[in-house]
Amino acid sequence: MIARVAGGGGKGDSRIPVEDRLFSLVLALLATETGLLKAEILSTVRGYAERFDTSGQNANLERQFERDKDDIRELGIPLETVESPDRPGDNQALRYRIPKGQYDLPDEVRFTPDELALLGLAAEVWREASLSADSQRALTKLRSLGIEPRDPVIGYAPRLRVRDAAFEPLRQALDRRQTVRFRYFKPGEPEARLRTVNPLAVILHESRWHLHAFDLDANGPRTFLLSRIIKAVTPVAGSTFEAPPAGIQDRVIAELNELRLRNSADLAVTAGSDAEVRLGKRAVEGDEDAGVIRLHYTDAAVLADELAAYGPEVRVLSPESLREAVRERLRAVAAAHRDGVEEAS
Amino acid sequence: MAKRTKPLKAPDKLVFLLSFVPYLLEQRVVDVAEAAQHFGMTEEEIRDAVRLIATSGLPGATGTYQPNDLFDIDWDSFEDDDVIVIVHHVAIDDAPRLSAREAAALIAGLQYLSASPENASSASLASLMAKLTAGASAAPSRLAVAETEADSSLAVIRSAVTGGRQLEFDYRNALGQAGRRRVDPLRILSQDADWYLQAYCHTREDVRNFRVDRMSGLAVTEVPIDDHSDREVPDTLFQVSDSDLDVVVDVAPETIPLLADYLADSTSVEVDGRMRVTLRLAHVHGLKRLVAGLPGLVTVVAPAEARAVVAEWATAGLAGYGDEAPPLGDENGAETPDR
């Protein structure tokens with residue numbers, strides 16, 4: 001056997017790696033049916049036991065245990081807390097365990113080599129750190145099944161980035177069913193307004209991330225664009241909510257699609273221009289001779305930004321509000337870049 | 001297999017250990033090299049993990065980690081032949097479930113892929129998503145990617161890439177120059193909603209990125225592509241070259257992530273509540289589109305020619321509406337319908 005550094009040198013001497021302590025904790029909690037008391041865990045499980053003070057000065061170690069529990073739960077491991085029937089509400093009598101039936105991947109969840117190759121590609125989609133880490137962890141877990149994926153798809157690298165700062169805090173709030181607050185700028189309103197919402201779903205639609213949430217002030221569901229959330233998303237301490245119904249995201253996507261179909265814009269595009277080629281691909285109707293195309297859109301402000309980028313290559317014929325929005329944008333850009341003007345006024 | 005550049009964090013190492021044990025049990029006898037290949041780890045990482053597992057276990061009734069409460073391996077095979085055999089195991093034997101977040105990340109990734117021609121039928125995607133949901137310890141978080149209509153050119157390009165055939169198409173670049181191109185397609189890349197083909201262009205005699213939505217008149221030829229294995233195909237879409245143009249701009253701080261591809265360096269100075277940064281672009285034609293597409297959020301400071309190009313672009317756009325030179329001090333946001 002390889003000699004293991006045991007905690008013989010007294011408290012603080014032993015340096016058990018974190019993963020070793022977490023691994024030992026998971027094994028101990030999986031092996032127990034009835035659950036272990038915190039005192040039992042701290043005094044016997046490797047990584048804690050070496051630092052356990054029998055005279056009872058274990059505040060640091062207890063905090064360590066609290067953090068470890070959170071880390072383990074974040075990984076999807078069902079770490080349970082069981083109250084003592086005799087001493088309800090007594091924290092010292094709480095027992096901890098991981099029920100094996102809820103830990104093991106169900107038998108029917110098995111994957112073919114083709115499916116694993118597809119999942120590998122799906123994991124590669126994410127450039128954003130936390131989504132990428134989550135995907136990679138999932139793949140590691142699935143590798144335990146010992147199935148070799150079909151050869152990775154070569155010559156093919158689809159990538160999705162998340163550039164909205166609000167994304168990660170909202171995704172966390174979604175998982176924890178945590179009420180949050182943020183300032184939201186809605187076009188047409190003079191300034192960003194504070195919103196308090198229960199986040200229900202986060203959806204990528206037409207290249208923009210949307211939050212569907214229950215707005216507590218408006219007392220109704222609302223959909224927000226993440227790019228219009230100003231500054232931080234902060235959790236509202238102690239306020240959580242019930243899980244939304246399954247498939248809520250599909251319903252929201254259907255609503256966004258409906259909204260998109262209700263809005264249509266007629267555009268005049270310059271023949272042979274970038275606008276003609278690129279916007280033309282999205283056209284639902286078009287008259288090539290007249291150089292006019294029609295396309296649907298979800299959000300007028302978002303489309304106006306995009307159309308402004310094409311400068312003289314595109315002209316909005318209708319609706320009037322979109323036409324005006326694009327003109328406003330072009331005016332602002334022209335004004336900010338006129339000679340001799342140092343800053344945008 | 002997965003490549004990894006950063007060291008794993010403790011939770012990732014834990015996930016690996018919990019996944020490695022059932023793998024070893026299932027395989028019964030595994031070479032270190034084979035295991036390393038399967039998990040995308042180094043052989044030394046695998047050996048370290050085996051040593052850790054072999055000395056781990058349960059505190060047991062006495063709380064003293066007695067041999068019977070520990071994992072054990074065939075040490076002779078391990079030390080002499082680099083072969084792993086678990087001879088005694090405790091507590092775990094099955095793969096762990098996915099977390100709600102993990103399942104959601106893969107499901108949303110699959111939804112994004114479903115927009116591409118690569119994909120298997122939607123029925124098999126749906127069954128794969130259902131399996132991920134069943135394999136999660138809680139309902140996957142409500143994260144979704146709406147299906148978009150795939151550019152029909154993609155399927156054609158895809159067949160040229162897999163078949164290793166030259167591809168011809170009409171292409172109009174950002175400068176507005178159009179022409180027929182003949183290329184050796186190498187790789188399809190996407191960034192969010194935009195698809196690109198990385199290809200060796202016979203016209204330009206160099207590897208170029210082509211936007212799929214700027215292509216038309218595609219034709220897959222019978223001519224096989226040349227061998228480009230010695231050629232470096234960049235991993236990213238945007239590369240810096242010496243001929244590039246440096247432009248100083250002032251941007252709203254929250255807009256910086258949208259310009260990440262173009263930042264020349266990481267330096268920035270605050271000027272009147274905005275950040276002054278330097279962008280590097282291939283030419284001013286790209287700049288005018290970029291700046292006009294972020295109206296009010298980005299202002300070009302220097303050089304003067306770049307400012308002029310942007311001003312002309314916007315003014316030309318306004319001329320289409322019969323507008324005169326813009327009035328000064330007009331900075332109001334546009335009227336937009338409620339959502």
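The values are calculated or read from the model by the stated rules, or taken from the named source; none is laboratory data. None of the values given here were measured: they were computed from a predicted structure. Cβ atoms come from the backbone with ideal geometry, glycine included; neighbour counts cover every protein chain shown. Just so you know, the surface numbers come from the protein's heavy atoms only, side chains and all, with ligands and any DNA or RNA stripped out. Shrake-Rupley method; radii C 1.70, N 1.55, O 1.52, S 1.80 Å.
Magnitude of the Cβ-charge dipole of the protein assembly as shown, K/R +1 and D/E -1, about the Cα centre, nearest 20 debye? Please list the in-between numbers first.
Working: 80 positive and 110 negative charges, 252 e Å.
So the magnitude is around 1220 debye.
Find the all-direction average of the projected area of the Cα convex hull for chain B, expressing the result in square nanometres with one decimal place.
Here the figure is 27.0 nm², rounded to one decimal.
With viscosity set to 1.002 mPa s and temperature to 20 °C, compute the Stokes-Einstein D of region A:288-338, Rh being the Kirkwood radius across alpha carbon pairs; µm²/s, no decimals.
184 µm²/s
Test of understanding: express the Cα radius of gyration of region B:10-88 as a ratio to 2.2 N^0.38 Å, with N the residue count.
Rg over 2.2 N^0.38 Å, computed on Cα atoms: 1.09.
Distances over 22 Å make up what percent of all Cα-Cα pairs in region A:160-317?
Values: 6150 of 12403 pairs.
Taking all Cα-Cα pairs of region A:160-317, the fraction more than 22 Å apart is 50 percent.
Per residue, how large is the accessible surface of the protein assembly as shown? Use a 1.4 angstrom probe and give square angstrom. Mind showing how you got there, number by number?
Numbers: 31210 Å² over 684 residues.
Solvent-accessible surface per residue comes out at 46 Å².
Got a sec? Charge dipole of the protein assembly as shown, +1 on Cβ for Lys and Arg, -1 for Asp and Glu; which of B:Pro11, A:Val45, A:Ser239 is way out at the positive end?
A:Ser239
Using packing as a proxy for protection, rank B:153-165, B:70-82, A:36-48, A:134-146 so that the peptide with the highest average count of other Cβ atoms within 10 Å comes first.
Highest mean packing first, the order is A:134-146, A:36-48, B:153-165, B:70-82.
Rounded to the nearest 20 Debye, what is the dipole magnitude of chain A about its Cα centre when Lys and Arg each give +1 and Asp and Glu each give -1 at the C-beta?
For chain A, the charge dipole is close to 760 debye.
Measure nothing fancy, just the Cα-based angle from helix A:18-31's long axis to the longest principal axis of chain A, in degrees from 0 to 90, nearest 10.
With rounding to tens, the tilt is 70 degrees.
Note the angle between two axes, namely the Cα long axis of helix A:300-309 and the longest principal axis of the Cα atoms of chain A, as a number of degrees from 0 to 90, rounded to the nearest 10.
Taking Cα atoms only, the helix is inclined about 70 degrees.
If you look at just the Cα atoms of chain A, how large are its Rg and its Dmax in Å?
Spelled out, the Cα radius of gyration and Dmax of chain A are 27.8, 90 Å.
Which pairs break 27 Å Cα to Cα here: A:Lys231/B:Lys9; A:Lys38/B:Lys9; A:Lys231/B:Lys131; A:Lys100/B:Lys131; A:Lys69/B:Lys13?
A:Lys231/B:Lys9; A:Lys231/B:Lys131
Once Lys and Arg get +1 and Asp and Glu get -1 on their Cβ, which of B:Pro22, A:Pro169, B:Thr315 lies farthest toward the positive end of the dipole of the protein assembly as shown?
A:Pro169
Percent of alpha carbon pairs in region A:108-253 separated by more than 23 Å?
The proportion of pairs with Cα distances above 23 Å equals 46 percent.
Along the charge dipole of region A:7-103, pointing to its positive end and built from +1/-1 on Cβ of Lys, Arg, Asp and Glu, which listed residue (A:Ile16, A:Ala59, A:Leu36) has its Cα farthest out?
Positive-most Cα among the choices belongs to A:Ile16.
Could you work out what % of the accessible surface of region B:154-224 is carbon and sulfur, using a 1.4 angstrom probe and leaving DNA, RNA and ligands out of the count?
44 percent
Compute the long axis of helix A:59-74 from its Cα atoms, compare it with the longest principal axis of the Cα atoms of chain A, and write down the angle in degrees, 0 to 90, nearest 10.
50 degrees
Put simply, what bits of region B:8-42 lose 40 Å² or more of accessible area when the other protein chains are there, versus the chain on its own (1.4 Å probe)?
Relative to the lone chain, where solvent access is computed with a 1.4 Å probe, region B:8-42 loses at least 40 Å² at B:Ala10, B:Pro11, B:Asp12, B:Leu14, B:Val15, B:Leu18, B:His38, B:Phe39.
Grab the eigenvalues of the alpha-carbon gyration tensor for the protein assembly as shown, scale each by 5, take roots, and send me the semi-axes largest first in whole angstrom.
Working: eigenvalues 542, 189, 105 Å².
Working from the Cα gyration tensor, I get semi-axes of 52, 31, 23 Å.
Rounded to the nearest 100 Å², what is the buried accessible area between A and B, both sides summed, probe 1.4 Å? List each step's numbers first, then the result.
Working: alone 21660 and 21480 Å², together 31210 Å².
In total, this chain pair buries about 11900 Å².
If you put +1 on each Lys and Arg Cβ and -1 on each Asp and Glu Cβ, how big is the dipole of region A:203-255 around its Cα centre, in Debye rounded to 20? Please list the in-between numbers first.
Details: 5 positive and 6 negative charges, 46 e Å.
So the magnitude is around 220 debye.
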